[in-house]
Amino acid sequence: MIKKYSRIFIYLLKLRLSREMVYSFNFLTTLFVDGTFFVIQMLAFTAIFLNVDTVNGWNKFHMIIFIGTFTILDGLYMATYFFGVLSISEKIRNGELDIYITKPVNTLFLISFENINIGSIPIVVPGIIMVAYGTVKLGIEISAMKILGYIVLLFIMYIIMYNLMVLLRCCSFWFTKVDNINNLENELVNFSFRVPGIMYRGIGKVIFYFILPYGLIATIPTEFFTGTMNITGWIISISVCIVFTLLRRLIWKRGLKRYSSASS
């Protein structure tokens with residue numbers, strides 16, 4: 001199964017790469033837009049730490065690792081499934097989903113990864129540089145286990161983001177207009193980039209860690225890498241990932257059944 005879908009992913013990647021080379025302007029535009037967003041966010045955090053030394057125990061170098069972590073994740077999901085998942089609502093509305101359902105491949109997988117965007121891959125590089133810079137400044141001792149744990153947490157957050165994106169698009173199976181939901185998602189992602197999870201307390205932490213777990217995305221990997229996370233962070237991350245993966249599978253299957261019934 002893994003081998004089969006790995007081959008499909010590589011095929012989609014090659015196909016998309018050939019398209020991007022033909023339309024190189026689109027590639028450069030995407031790179032410019034993503035790069036501009038990264039610079040703006042970096043300047044915003046720099047301005048904050050001109051006036052304060054720490055924010056809930058994090059200094060500016062913790063925040064640099066946080067920004068770098070978010071940037072790595074942003075580059076990864078923008079480069080792989082973002083644009084594919086983004087198209088789900090439109091495919092449901094215009095009936096184009098019918099084409100994908102008839103193919104001998106998992107429908108959601110095919111839609112998710114058919115619009116790979118290589119223009120976002122270079123954004124990962126400054127993210128890695130920022131994490132490395134913050135690591136040096138904080139004097140963090142690097143080990144193979146620390147790097148492996150960080151990568152595993154990045155992968156977990158990558159899956160959580162995927163689940164959240166798909167779940168929101170599944171609303172299109174039941175509702176015609178979902179533009180407001182898409183706008184809400186953009187605001188939540190931007191908010192989670194501006195406000196690390198360490199700043200949430202009480203009901204806010206419950207909401208942004210368990211109900212709309214955007215607060216986990218870059219915070220948990222940063223806490224692990226800087227040595228400020230305990231076993232609870234692992235339990236929360238894995239549990240949220242499993243629950244939202246199961247929920248996404250359930251809602252997607254029910255949505256497809258509803259769509260198929262309506263089509264027939």
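Is at least one residue of region 86-102 touching a residue at least 60 places away in the same chain (Cβ under 8 Å) and within 16 Å of the chain's Cα centre (by Cα)? Can you show your working first?
In the first step, residues of region 86-102 are kept if they are touching a residue at least 60 places away in the same chain (Cβ under 8 Å); the result is 86, 88-89, 92-93, 95, 97-98, 101.
After this cut, where a residue has to be within 16 Å of the chain's Cα centre (by Cα) as well, the list is 86.
For region 86-102, residues touching a residue at least 60 places away in the same chain (Cβ under 8 Å) and within 16 Å of the chain's Cα centre (by Cα): present.
Answer yes or no: is there a residue in region 163-178 that is exposed (fewer than 13 other Cβ atoms within 10 Å of the Cβ) and either under 19 Å from GLY84 (Cβ atoms) or within 18 Å of the chain's Cα centre (by Cα) (or both).
no
Of everything in region 240-264 that's surrounded by fewer than 19 Cβ atoms within 10 Å (Cβ to Cβ) and of a type in the set (D, E, K, R), which residue is nearest to ILE198 (Cα to Cα)?
ARG249
Among (1) free of Cβ contacts under 8 Å to residues at least 60 places away in the same chain; (2) more than 30 Å from MET145 (Cα to Cα), where does GLY215 come up short?
The failed condition is (2).
I want to confirm something. Restricting to region 212-231 and keeping residues that are of a type in the set (S, T, N, Q) and over 14 Å from the mean Cα position of the chain (by Cα), which single residue is surrounded by the fewest Cβ atoms within 10 Å (Cβ to Cβ)?
In the first step, residues of region 212-231 are kept if they are of a type in the set (S, T, N, Q); the result is 219, 222, 226, 228, 230.
Going one step further and asking which of them are over 14 Å from the mean Cα position of the chain (by Cα), we end up with 222, 226, 228, 230.
Details: THR222: 28, THR226: 19, THR228: 13, ASN230: 10.
Among those residues, the one meeting the criterion is ASN230.
Which residue out of VAL22, VAL33 is closer than 25 Å to ALA132 by Cβ, surrounded by fewer than 16 Cβ atoms within 10 Å (Cβ to Cβ) and at pLDDT below 90? Full working, then the answer.
Working: VAL22 fails: closer than 25 Å to ALA132 by Cβ.
The conditions single out VAL33.
Of everything in region 98-144 that's in contact with a Gly (Cβ under 6 Å, 6 or more places away or on another chain) and small (Gly, Ala, Ser), which residue is nearest to ALA218 (Cα to Cα)?
GLY127
Given (1) under 23 Å from TYR133 (Cβ atoms); (2) of a type in the set (S, T, N, Q); (3) buried (at least 16 other Cβ atoms within 10 Å of the Cβ), where does SER237 come up short, assuming only one miss?
All conditions pass for SER237, except number (1).
Among the listed residues ILE142, ILE147, identify the single one that is surrounded by fewer than 17 Cβ atoms within 10 Å (Cβ to Cβ), aliphatic (A, V, I, L, M) and assigned to a loop (DSSP other than H, G, I, E, B).
Numbers: ILE147 fails: assigned to a loop (DSSP other than H, G, I, E, B).
None of the other options fit; the residue is ILE142.
Could you please give the count of residues in region 193-211 that are without any contact (Cβ under 8 Å) to a residue 60 or more places away in the chain and either part of a helix (DSSP H, G or I) or exposed (fewer than 15 other Cβ atoms within 10 Å of the Cβ) (or both)? Step through it out loud before you land on a result.
Step one: of region 193-211, the residues without any contact (Cβ under 8 Å) to a residue 60 or more places away in the chain are 195, 197, 200-211.
Filter again for either part of a helix (DSSP H, G or I) or exposed (fewer than 15 other Cβ atoms within 10 Å of the Cβ) (or both), leaving 197, 201-211.
Residues that pass the stated criteria total 12.
Of the residues in region 172-208, how many are in contact with a Ser or Thr (Cβ under 8 Å, 6 or more places away or on another chain) and either under 22 Å from PHE109 (Cβ atoms) or aromatic (Phe, Trp, Tyr) (or both)?
The total comes to 4.
For region 68-117, enumerate the residues that are β-branched (Val, Ile, Thr) and outside any loop (DSSP other than H, G, I, E, B).
Step one: filter region 68-117 for residues β-branched (Val, Ile, Thr), giving 69, 71-72, 80, 85, 88, 92, 99, 101-102, 105, 107, 111, 116.
Hits for region 68-117 are THR69, THR71, ILE72, VAL85, ILE88, ILE92, ILE99, ILE101, THR107, ILE111.
Which condition breaks for PHE208 when tested against (1) aromatic (Phe, Trp, Tyr); (2) closer than 23 Å to VAL124 by Cα; (3) within 17 Å of the chain's Cα centre (by Cα)?
For PHE208, the failing item is (2).
Suppose we keep only residues that are outside any helix (DSSP H, G or I) and aliphatic (A, V, I, L, M) within region 212-232. Which one would you say is farthest from PHE244 (Cα to Cα)?
So the first thing to find is which residues in region 212-232 are outside any helix (DSSP H, G or I), and the list is 212, 217-218, 226-230.
With aliphatic (A, V, I, L, M) added as a condition, the list becomes 212, 217-218, 229.
Working: LEU212: 10, ILE217: 14, ALA218: 17, MET229: 22 Å.
The residue in question is MET229.
Kindly establish whether LYS137 is part of a helix (DSSP H, G or I), out of contact with any strand residue (DSSP E or B) (no Cβ under 6 Å at 6 or more places or on another chain), farther than 28 Å from PHE191 by Cβ and not small (Gly, Ala, Ser).
Details: part of a helix (DSSP H, G or I): yes; out of contact with any strand residue (DSSP E or B) (no Cβ under 6 Å at 6 or more places or on another chain): yes; farther than 28 Å from PHE191 by Cβ: no; not small (Gly, Ala, Ser): yes.
The answer is no for LYS137.
The values are calculated or read from the model by the stated rules, or taken from the named source; none is laboratory data. Remember, it's a predicted structure, so these values are computed and weren't measured experimentally. Quick reminder, even Gly has a Cβ in these numbers, built from the backbone with ideal geometry, and neighbours come from all protein chains shown.
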